[in-house]
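The values are calculated or read from the model by the stated rules, or taken from the named source; none is laboratory data. Remember, predicted model here, so these are calculated numbers, not experimental data. FYI the Cβ positions are ideal-geometry reconstructions off the backbone, even for glycines, and counts take in every protein chain you see. Side chains included, ligands, DNA and RNA excluded: accessible areas come from the protein's heavy atoms. Shrake-Rupley method; radii C 1.70, N 1.55, O 1.52, S 1.80 Å.
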2 protein chains.
Amino acid sequence: MLNKKPQNFDFKKLLKDNKYIITPTRLAVIETFCKNNRPIGAEFICKKLNGKINEATVYRTLSSFEKSGILRKVDLRKDSTYFELNNDHHHHIVCTKCGEIEDFKENIEIEKLLKKVVVDSKKFKSIEEHSLELFGLCRVCN
Amino acid sequence: MLNKKPQNFDFKKLLKDNKYIITPTRLAVIETFCKNNRPIGAEFICKKLNGKINEATVYRTLSSFEKSGILRKVDLRKDSTYFELNNDHHHHIVCTKCGEIEDFKENIEIEKLLKKVVVDSKKFKSIEEHSLELFGLCRVCN
DNA sequence: TTCTACTTGCAAGTCGTTTGCATTTGTGAT
DNA sequence: ATCACAAATGCAAACGACTTGCAAGTAGAA
């Protein structure tokens, strides 16, 4: 879990805190997430880094960062997998036409409602994660 | 959109209402969804139907049923795509270990909260769909 | 500086899904 | 009933996202 604004934090410290060996690849991947403060996928990263990092390595890095909690997966109903820095809890509104994304904050009311769902549940007594994404047409596409 | 309990409705009427030619394949696919009242994917359908329907046809049928609104896609963080009869609005709690699924109803409070999100949004003035799925360990796996 | 375990690149493989094409089938008109 | 034709299906090949095995490179501790 990060606890600073994505734009300016110490990449190396983040890696060390998560017991990673510091490599140019890992620094570059984190930097790409910081520069583009929105969900991105493997293909985007490869393009942005100009093919300097191998595709397979990008996938391995993303998957590893997700396990350690640096990144979180986001379901955007696209054909490939998107990740995001796991720094603050929010969700997305996604334009189904142009792909435009707007964030919205998780709030206490939503949390309360989800807790109530779990209380009412017969099969579950706690939940660890949830996805909540809205889909529609943005003002431009509409 | 269906408006009857999934267990007992007229498959042929459903197809006709949606301007489909009635074929054994389509009837069998709908029936599989009715019998197994939960999200299922292409592989499951092929197995249940004993390979009587070609894999490619199953994919084509699912995709077509989704477009016409008979089915809805469900994001369950699995490696393949799951669908569900689009008959009543609900969400899921999914066990990340064994895959057990429990439904919970969409309620007015959740709808209100989501409407508020849209009101606060700068880029969107309405949404068409949303996903809301909870993930955790069920009582058995916990 | 050296050693070792971890990381990376490359190429091949996997898996879910899609597509092109030839054949079959449902349905409305005859 | 039968016909004609558009639509649906099966088959095999292709596709795209992702994974894996292995050999070579590299970070970091000693």
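Observations, loosely collected:
- Distance (nanometres) between label positions extended 7 Å along Cα→Cβ at A:Asn18 and B:Lys13: 5.5
- Helical content alone sets the calculated 222 nm signal of chain B at -11000 deg cm²/dmol, taking -39,500 (n - 2.57) per DSSP H segment of four or more residues and averaging over every residue.
- Prolate/oblate/rounded label for the protein assembly as shown (Cα gyration tensor, a/c 1.5): prolate
- Exam field: A:Lys52 pseudo-label spacings to other copies (7 Å along Cα-Cβ), nanometres: 5.9
- Shape category assigned to chain B from the gyration tensor of Cα positions, a/c cut at 1.5: oblate
- Relative contact order (%) - region B:59-111, alpha-carbon pairs under 8 angstrom, separation at least six: 21
- Excluding same-chain neighbours fewer than eight residues apart, the lysines reachable from A:Lys12 by a Cα-Cα span under 26 Å are A:Lys4, A:Lys35, A:Lys47, A:Lys48, A:Lys52, A:Lys67, A:Lys73.
- Anisotropy class of region A:90-136 from Cα gyration tensor, a/c 1.5 cut: prolate
- Where chain A is the region considered: accessible area per residue in Å², 1.4 Å probe: 59
- In region B:66-142, Cα pairs under 8 Å separated by at least six residues give a relative contact order of 30 percent.
- Label point 7 Å beyond Cα along the C-beta direction, distances from B:Glu106 to other copies (nm, shortest first): 2.2
- Alpha-carbon centroid distance for the pair region A:78-118 / region B:64-129, whole angstrom: 13
- Protein accessible surface hidden between A and B, which excludes ligands and nucleic acids, total in Å², probe 1.4 Å: 3700
- Nearest-0.05 FRET efficiency for A:Leu49 and B:Glu55, computed from C-beta distance (R0 41 Å): 0.65
- Note on region B:90-136: with neighbouring protein chains present and a 1.4 Å probe, carbon and sulfur make up 51 percent of its accessible heavy-atom surface.
- Spin-label model, A:Ser64/A:Glu31: points 7 Å from Cα along the beta carbon direction are separated by 1.8 nm.
- Here A:Arg139 and B:Glu111 are evaluated by their C-beta separation; at R0 = 22 Å the FRET efficiency comes out at 0.50.
- Relative contact order of chain B, pairs being alpha-carbon contacts under 8 Å that are 6 or more residues apart, as %: 21
- Cross-link partners of B:Lys123 among aspartates and glutamates, defined as those whose alpha carbon lies under 14 angstrom from its own and excluding same-chain residues fewer than eight positions apart: A:Glu100, A:Glu102, A:Asp103.
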